[in-house]
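Taken together, the values in this text are just the output of simple stated rules run on the coordinates, not laboratory data. Just so we're clear, the structure is a prediction, and the values are computed from it rather than from any experiment. Backbone-built Cβ (ideal geometry, glycine too); neighbour counts: all protein chains shown.
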Amino acid sequence: MKLRYQFRLYPSAPQRIMLAKAFGCARVVFNDALRARQDAYKQGAKRPTAAELSKRFVTDAKKTEDRHWLDDASAVVLQQSLRDLETAYSNFFASKNGTRKGPKMGPPKFKKKTSRQAIRFTTNARFSITEGGALRLPKIGDVKIRWSRRLPSAPSSVTVVKDASGRYFASFVVEAEDKPLPELDLDETETGIDLGLSTYAVLRGRKISSPKFFRRQEKKLRRAQRKLSRAQKGSSNRRKAKLAVSKIHAKIADKRRDFIEQETTKITRESQAVYLEDLNVKGMGSKKGKRAKSVHDQSLGMFARTLEAKCARYRRTFAKVDRFFPSTQLCSAPGCGSIEGPKGLEGLKIRKWTCSCGTVHDRDENAERNIRREGRRIVAEGRPDT
């Protein structure tokens, strides 16, 4: 399976200038090709092929006075920018035809010079890792990199990313083998997972408290944003204030990502089978929702995707329980199964309830038991991807 390994880069001042040029060249080539395709569509002409776009906006453009500076960037970087455009159009048409899963995709848009920028080098660019541990990039040089772990295999590509807070990263795509963990007793270690806001996740025998990374930094972020709004546009103080806001957001995102990685790894190591509630996170986080900020702070979608990927890699059973399954309202007592639990938005405030059979339920623990049973049934029927 293919994995992505990311490491921090520390380019020198001249290398940052060369990277900025490469970012700009890739953006210009993308926009030029996009404009050509849009013009062809408006005129009813034949859609230009990838080879035609490459020759016109890379090979021939370097010989013109207006685009001669494209030669400052690696040709592979420019070719990959055109490939990104082709991928964007392919996803758009597939989404329009209904052959692509997930949310609807719109047509490609022109790239702007934003705080986050990226370029990609493939093996054709002949990037390499030197004996001294530096990342050698064409037309940029040997960039200092901080290795936190070894790559499992030779990378097929590397993406250099500059984030909004001014940090540089190298993201390698590598081929890695699955690492099955020792099998555990299924009856003792299988678990359902009930995701929520007051408690991040409820598992069999334990609960994960909500970290609330955004909420803890909200006051500091508000002050930084207020300072940014008061700074004059185009001034140095505004650039500094904008960078300060970006650094706070980056700190929150890093903490959240680290939390999710640690918790999902712990779950896969402790559980032979994992059954997860399939929440409509996008709907929960809509602007109309009263709890949208808390939903985004939890990042439940990232948690679910990371957990599913790790279960696949470590050979753990994984299944999703339908979002309409009444896990909270269903009585989990043996032989009962009545649906009498709290319903609606008002029911969210009720943390304990008593069934007509006399069983007193903790709302979250009852939901976890029901999700576990439903997940076990789904796996037994041979449809774990539901």
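Results, tabulated for the structure shown:
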{"item": "Distance in nm between pseudo-label sites at residue 296 and residue 89 (7 Å out along the Cβ direction from Cα)", "result": "3.3"}
{"item": "In Hz, Karplus ³J(HN,Hα) per residue of the stretch 312-322 (6.51, -1.76, 1.60; θ = phi - 60°; x = Gly, Pro)", "result": "5, 6, 9, 6, 9, 6, 9, 8, 9, 9, 3"}
{"item": "Sequence-distant lysines (8 or more away, or on other chains) whose Cα lies within less than 16 Å of residue 63", "result": "55"}
{"item": "For the stretch 57-108 versus the stretch 187-207, the gap between their alpha-carbon centres in whole angstrom", "result": "43"}
{"item": "Between the stretch 224-254 and the stretch 148-181, the alpha-carbon center distance in angstrom", "result": "29"}
{"item": "Residue order, fewest to most surrounding Cβ atoms within 10 angstrom, among 361, 68, 249", "result": "68, 249, 361"}
{"item": "Among (1) 31; (2) 52; (3) 45, the entry derived from the coordinates for percent of Cα pairs over 34 Å apart", "result": "(3)"}
{"item": "Set of the stretch 358-373 residues, backbone N closer than 15 Å to the point 7 Å along the Cα-Cβ line of residue 199", "result": "360-372"}
{"item": "Eligible aspartates and glutamates near residue 247 by straight Cα distance, threshold 18 Å, same-chain separation 8 or greater", "result": "163, 218, 258, 297"}
{"item": "FRET efficiency, residue 8 to residue 305 (Cβ-Cβ, R0 22 Å, nearest 0.05)", "result": "0.40"}
{"item": "Candidate lysines - alpha carbon under 16 Å from residue 62, same-chain residues fewer than 8 apart omitted", "result": "21, 139"}
{"item": "Sequence-separation-based contact order of the chain, relative, with Cα cut under 8 Å and 6+ spacing, percent", "result": "15"}
{"item": "R0 of 35 Å, Cβ-Cβ distance residue 236-residue 259: FRET efficiency to nearest 0.05", "result": "0.50"}
{"item": "Relative contact order (%) - criterion: Cα under 8 Å, at least six apart; region: the stretch 186-380", "result": "25"}
{"item": "Virtual spin-label span in nm between residue 324 and residue 126, 7 Å along Cα→Cβ", "result": "5.9"}
{"item": "Estimated FRET transfer efficiency (residue 39, residue 317; beta-carbon r; R0 51 Å; 0.05)", "result": "0.45"}
{"item": "Virtual spin-label span in nm between residue 175 and residue 356, 7 Å along Cα→Cβ", "result": "6.1"}
{"item": "For residue 157, distant residues with modelled amide H under 5 Å away", "result": "173"}
{"item": "Dipole of the chain, positive end: most advanced residue of 23, 124, 357 [Cβ charges, Cα centre]", "result": "23"}
{"item": "Label-reachable residues, the stretch 24-43, where backbone N falls under 15 Å from a point 7 Å from residue 52's Cα toward its Cβ", "result": "33-43"}
{"item": "Residue-wise HN-Hα coupling along the stretch 114-124, computed from phi with Karplus coefficients 6.51, -1.76, 1.60 (Hz; x: Gly, Pro)", "result": "9, 5, 9, 9, 8, 9, 10, 10, 9, 5, 5"}
{"item": "Across 212/266; 219/251; 251/320; 207/349; 2/251; 111/233, pairs whose alpha-carbon gap is larger than 24 Å", "result": "251/320; 2/251"}
